[in-house]
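Below: one structure, written as structure tokens.
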Amino acid sequence: MTAFERTATGYRCVLDEQLRTALLTVLGELRDELEKVKTTPYDAVPAHLRRLFPAGYHANAEQNAEYRRLTHDELADTHQRAIMESIELLERRTELSADELDRFVRAVNATRLVVGTILDVSEDDAEPAANDPMVDLWEIYDFLGWVLYQGLTALSGGPE
């Protein structure tokens with residue numbers, strides 16, 4: 001199974017309706033959360049979203065605070081635009097150019113990063129137990145990883 005097929009002029013998303021709906025839901029949730037934090041100071045941003053706003057100066061707290069002040073709104077807007085464009089592309093079911101697929105992949109990656117932060121994912125993590133209360137979120141994390149891989153593979157000209 002693949003998520004993207006190459007066409008003569010770009011890429012087509014071939015997710016079935018259930019997977020497309022799941023992706024639209026998750027992207028929509030992150031879009032809405034980003035809208036809420038656009039004007040929120042970094043210190044008030046929920047922990048699971050902070051990785052979307054990386055530090056500019058790790059060794060200097062004062063410079064980093066200024067960096068965050070100057071870039072926070074722009075980063076939020078950039079992530080939100082990529083997510084909104086991805087939602088539109090999924091809803092319209094149109095062909096994607098390489099640039100659109102690249103931005104789509106970035107939106108999926110940001111979403112996966114947020115989900116992974118909520119799950120506190122590490123390289124040591126094994127599959128969750130069936131009775132784990134976060135099992136559904138782990139499935140979303142895995143699904144986003146698969147979509148991300150499929151998009152990157154399509155962009156690199158790899159096998160479909």
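The values are calculated or read from the model by the stated rules, or taken from the named source; none is laboratory data. Worth saying up front: this structure is predicted, and the values here are computed from it rather than measured. Please note: Cβ atoms are built from the backbone with ideal geometry, for glycine as well, and neighbour counts cover all protein chains shown.
Restricting R50, R68, R20 to those that are in a helix (DSSP H, G or I), under 15 Å from A110 (Cα atoms) and either more than 16 Å from the chain's Cα centre (by Cα) or not β-branched (V, I, T) (or both) reduces the list to R50.
Take D32 and tell me if it is under 29 Å from L96 (Cα atoms) and among the acidic types (D, E).
Working: under 29 Å from L96 (Cα atoms): yes; among the acidic types (D, E): yes.
Yes: the conditions hold for D32.
Yes or no: the stretch 54-61 includes at least one residue that is within 24 Å of D102 (Cα to Cα) and in contact (Cβ under 8 Å) with a residue 40 or more places away in the chain. The answer is no, given that none of the residues of the stretch 54-61 is within 24 Å of D102 (Cα to Cα) and in contact (Cβ under 8 Å) with a residue 40 or more places away in the chain.
Restricting the search to the stretch 88-106, which residues are assigned to a helix (DSSP H, G or I) and surrounded by fewer than 17 Cβ atoms within 10 Å (Cβ to Cβ)?
Taking the stretch 88-106 first, the residues assigned to a helix (DSSP H, G or I) are 88-92, 98-106.
Within the stretch 88-106, E88, E91, R92, A98, D99, D102 qualify.
Summed over the stretch 43-71, the residues that are touching a helix residue (DSSP H, G or I) at 6+ places or on another chain (Cβ under 6 Å) and more than 21 Å from L24 (Cβ to Cβ) give a count of 7. Looking at T25, is it among the β-branched types (V, I, T) and in a helix (DSSP H, G or I)? It is true that T25 is among the β-branched types (V, I, T) and in a helix (DSSP H, G or I).
Residues checked against (1) surrounded by 14 or more Cβ atoms within 10 Å (Cβ to Cβ); (2) modelled with pLDDT of 90 or more; (3) under 28 Å from D136 (Cβ atoms):
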residue	(1), (2), (3)
F4	yes, yes, yes
D16	no, yes, yes
R20	yes, yes, yes
L24	yes, yes, yes
Y42	yes, no, no
A47	no, yes, yes
Q63	no, yes, no
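Of the residues making up the stretch 107-121, just one is surrounded by fewer than 18 Cβ atoms within 10 Å (Cβ to Cβ) and either closer than 11 Å to G151 by Cα or of a type in the set (F, W, Y) (or both), namely N109.
When the stretch 122-142 is filtered for residues that are of a type in the set (A, V, I, L, M), without any contact (Cβ under 8 Å) to a residue 40 or more places away in the chain and either assigned to a helix (DSSP H, G or I) or crowded, with 18+ Cβ neighbours inside 10 Å (or both), the ones remaining, listed by number, are V135, L137.
May I ask you to verify whether L52 is surrounded by 13 or more Cβ atoms within 10 Å (Cβ to Cβ) and under 23 Å from M134 (Cβ atoms)? Before the answer, list the steps.
On the way: surrounded by 13 or more Cβ atoms within 10 Å (Cβ to Cβ): yes; under 23 Å from M134 (Cβ atoms): yes.
Taking the combined requirement at face value, the residue satisfies it.
Checking each residue in the stretch 6-25 for being β-branched (V, I, T) and farther than 18 Å from M84 by Cβ picks out T7, T9, V14.
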